[in-house]
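Below is one structure, written out as structure tokens; the observations come after it.
The values are calculated or read from the model by the stated rules, or taken from the named source; none is laboratory data. Not measured: the values here are computed from a predicted model. Note that we place each Cβ from the backbone using ideal geometry, even for glycine, and neighbour counts take in every protein chain shown. Protein only, heavy atoms only, side chains kept; ligands, DNA and RNA dropped before computing areas. Shrake-Rupley method; radii C 1.70, N 1.55, O 1.52, S 1.80 Å.
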Amino acid sequence: MDFREYQKKSRETAMYPGNGSNFVYPALGLAGETGEVVEKVKKLLRNHEVTEASQIPVEKKEEIEKEMGDVLWYLAQLATELDIDFGDVAEQNIEKILSRKERGMLHSEGDNR
Ligand SMILES: [Mg+2]
């Protein structure tokens, strides 16, 4: 599935207050779901002493995968609220990252390298 299609289909499930004129709600949701992803990673270390990806139990990896989907959903809703094409986000980002790689700038600092 491409990002534009995901943005369009996921919008059909957007049922939050002020839907269509509320960029704050999906931004807060994005932060919350990002927290859920890293919380699960933290618990792998705390409860299972996992430090290598290959050590992660399949069910734990699936839990993280689902939370990553929740992050994606909120990011797509934020893009919609800001009238940003989610496909453009992906395309511009990969162009930026590949350009940095080609110019040997992946490890330097600054947002506009
Ligand atoms: Mg979640």
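Computed extension length for residue 93-residue 11: 27.3 nm, one decimal, from 0.36 nm per residue of separation with the Cα-Cα distance subtracted.
Computed over the chain with a Gaussian network model linking Cα atoms closer than 10 Å, the most mobile of 53, 14, 27 is 53.
Ligands, DNA and RNA left out, the 1.4 Å accessible surface of the chain is 55% carbon and sulfur atoms. Residue-wise HN-Hα couplings along region 10-20, as the Karplus relation 6.51 cos²θ - 1.76 cosθ + 1.60 with θ = phi - 60° gives them from phi, are 5, 5, 5, 10, 7, 10, 10, x, x, 2, x Hz; Gly and Pro carry x.
On the beta carbon distance between residue 102 and residue 65, with R0 = 35 Å, the FRET formula returns roughly 0.70. For region 56-113, the alpha-carbon radius of gyration amounts to 1.50 times the rule-of-thumb value 2.2 N^0.38 Å expected for a compact globular protein. Largest GNM mean-square fluctuation among 22, 47, 93, using the chain with Cα springs under 10 Å: 47. Using a probe of 1.4 Å, the accessible surface attributed to residue 34 totals some 60 Å² when neighbouring protein chains are kept in position. Sorted from greatest to least, the principal axis extents spanned by the alpha carbons of the chain come out as 43, 41, 26 Å.
Spacing of the modelled spin labels on residue 43 and residue 19, each 7 Å from Cα toward Cβ, amounts to 2.9 nm. Computed over protein heavy atoms with a 1.4 Å probe, the accessible surface of region 3-85 works out to 68 Å² per residue. If I build a Gaussian network model for the chain, linking alpha-carbon pairs within less than 10 angstrom, which residue out of 28, 45, 75 has the largest mean-square fluctuation? Greatest mean-square fluctuation among the candidates belongs to 45.
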